[in-house]
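S.K.: Please see the structure below; I have some questions.
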Amino acid sequence: MNLNASLPASSSQENLETICKNKLALRFSPELFELRYENLRDKGIDLTVEIKQNGYYTNFRFAVQLKATASVTPGKDGSLSFPVEISNLNYLLNFGMPAFYILYDHTADRIYIERAEDVYRSVLQKYSPDQLPKTYTVNFTQLLTDEMIDEVYRQTFEAGTIMKKLGPQLYFSSRQKDGIKGFVIDDEQDVYNVEQNIEFIEQVGWVLVNRREFDRIIEIEQRTHPRTKASAGFNMICGMAYYQKGQLFKAIELLKQAQSEKDMITADNRGLVDYFLLHSRYLLGMIDLDALRSAVAKIVADDNAGSFIKLDNSHHQLMATGGTPEEMISEFYKHCLELIAQEEHNPITRIMGYSKLLGMEGDLLLHELTNNYMLTLGRKQDVLREAINRDWAVFDRQLQVQYKDLTGFAFKAQDFSAINNLMMHQVQWDYKKAFHFHAFQNWSPETFKVSGPISAAARRRLENGLVVMDKVEEAYERLMSIENLYACLSFKYQLLDFMGEAEKVAAIAAQLAKLIDTYELNALRKGYADLLAGNTEHRLFFDRVAAKMTNIYEVAKGADIDQYMFEDVTEERNRLFKRAPQWSLQKLFPLEIPE
């Protein structure tokens, strides 16, 4: 009696598939993959594989349809051709996660793999979607190597991560009355929707601006598409960010959109929109400096103008109204304190206001240092010069201490843009001091010109300043703060020119030219041309000193007292003529820096 006659028969195809399953179990590490075979009502998926991460199940899965052959002859390139049903292909695509065909070649003992999406793409290259065949012959070319298994893991993890992040967004969309306009999936597989991005910028946009996180604002704006309309506040914040990064045409586009709905933003913000829009147009050469100043004056005249605009223009207004330098600085100081009191918890107002105050005080001190020193030039000895130097040492020490204190406050506030600005201002102060004293010490009564090398001490200090400026330049490049980067390079040009570093000056000139051309900063072309023509601060100052000393000499010669002009002045003679240094400030205004 043949017992096998009443038992299920085994087929060679089933044997091949069993061999394939056993081999797959050995190829996919159980530390990373959990293989689950479909044994109940299999409709086209033989195997579902869940991936693991750091010893934990993820519920991120991929599907596998197994095929096996012992009769197909490989092509010359080693590939195998094997038919699959289109209905099975569609079934795999509906899985929603990665799906693969795996083909086992028993003769060569090799395993091939093809992604279902790639198979479907090749089908559509030959057939239209409404005329698909029942079967399609797949050309299997990719062997299941260790590298390919790693790629399968990566694709599955990324697909699972996207679905995980997309799910809440879809739920959020279904809960909205009008739905949402679209989603964005970025390079890091993060999912965003337009409405949430706009709402985020509206709520925390000013926090990002105050932190100088302009790149983050721009990144969010670029993710917020497609959008038919955005709020005025969103367009304003994003426009300001693009302005700060030198993308002026995009800044104008967004700021004009904000301007068209000015009624939807506060009065002080309306002034900011106008202010940045004007400056964008000016930098691109669309309006000239006179038009800019006239328009800005109207903005500042508005009582609702914000503190940023008021501080930025208060100095110009005070200079136009006249009065003594001390009165103007005193008035600006009072204005500063008022604005700081109004925005006590905003460190940027304090930093900006005090920084401008120190600049005004420094300019006044240098101006009066020059007036005092002009009375001593050409003399080998003058007790007035000694008195000037003593007074100057006190002022210089006060200013440097205040710059240090303000920079420390900026560090605490984590205002990195302000930190770099203040570091540059301190080097600029050293540069201005250096070329002033260089002129005083190197003006010649024989030639009536300033000539000679800078002192070794001054060069050492300026070289230290260049190290600082290199770091500031790197920071501005990293922050992509275009206006600040231009200012930094322009100052480095002047500093290196004063130090006689011709090759480095030429390199900086090339950087400035590239910056202007790249960002179309047409308003800066004249200033750039002036630099190349030698109109640097130190050269212009040397010319002024020479011209003023020539005028003084001509007056003395006309009064027939020129023979006394360069005589030494003793203590006794100085008392006789009651000569003493003249300063508008007795000491610098105190800075109220919170602990």
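S.K.: Which order do the peptides 490-502, 366-378, 138-150 take when ranked by the mean count of other beta-carbon atoms within 10 Å per residue, highest first?
M.R.: Listed from highest to lowest mean packing, they are 490-502, 366-378, 138-150.
S.K.: For Glu50, what charge total do you get from the other residues with a beta carbon under 9 Å from its beta carbon, if Lys and Arg give +1 and Asp and Glu give -1?
M.R.: So the surrounding residues net to +2.
S.K.: Please identify which residues in region 400-419 have an amide N closer than 13 Å to a label point set 7 Å out from the Cα of Ile593, following the Cα→Cβ vector.
M.R.: What the label zone holds, given the 13 Å backbone N cut-off, is 400-413, 419.
S.K.: Same structure again: Under a crude label model (7 Å from the Cα following the beta-carbon direction), how far is Asp109 from Gln196 in nanometres?
M.R.: 5.2 nm
S.K.: Something else now. At 0.36 nm per residue, and after removing the present C-alpha to C-alpha distance, how many nm does the segment from Arg573 to Glu17 gain when stretched out fully?
M.R.: 188.7 nm
S.K.: Further, regarding this structure: Tell me, what is the FRET efficiency for Ser122 and Ser71 to the nearest 0.05, using R0 = 22 angstrom and their Cβ-Cβ distance as r?
M.R.: About 0.40, to the nearest 0.05.
S.K.: So what's the angle, to the nearest 10 degrees on a 0 to 90 scale, between helix 248-259 and the longest Cα principal axis of the chain?
M.R.: With both axes taken from Cα atoms, the answer is about 90 degrees.
S.K.: Also, I was wondering about something else. Going by alpha carbons, how many degrees (0 to 90, nearest 10) lie between the helix axis of 325-342 and the longest principal axis of the chain?
M.R.: That helix lies at roughly 30 degrees to the long axis.
S.K.: Another one. Sum up the charges of everything whose Cβ sits under 15 Å from the Cβ of Gly323, counting Lys and Arg as +1 and Asp and Glu as -1, but leave Gly323 out.
M.R.: The answer is -2.
S.K.: Each label point is 7 Å from the Cα along the Cα-to-Cβ direction; what then is the distance between the points at Lys526 and Ala387, in nm?
M.R.: Reported label-point gap for Lys526 and Ala387 is 4.3 nm.
S.K.: Continuing with this model, one more query. Based on the Cβ-Cβ distance from Asn54 to Gln155, what FRET efficiency comes out when R0 is 22 Å, to the nearest 0.05?
M.R.: In this case the efficiency is close to 0.75.
S.K.: For the residue pair Glu501 and Ser294, what label-to-label distance in nm results when each label sits 7 Å from Cα along the Cα-to-beta-carbon direction?
M.R.: 4.3 nm
Each reported figure results from applying straightforward, stated rules to the coordinates on display, with no laboratory input. In this text, all values refer to a predicted model and were calculated from it rather than measured experimentally. Heads up, the Cβs are rebuilt from the backbone with ideal geometry, glycines too, and the neighbour counts pull from every protein chain shown.
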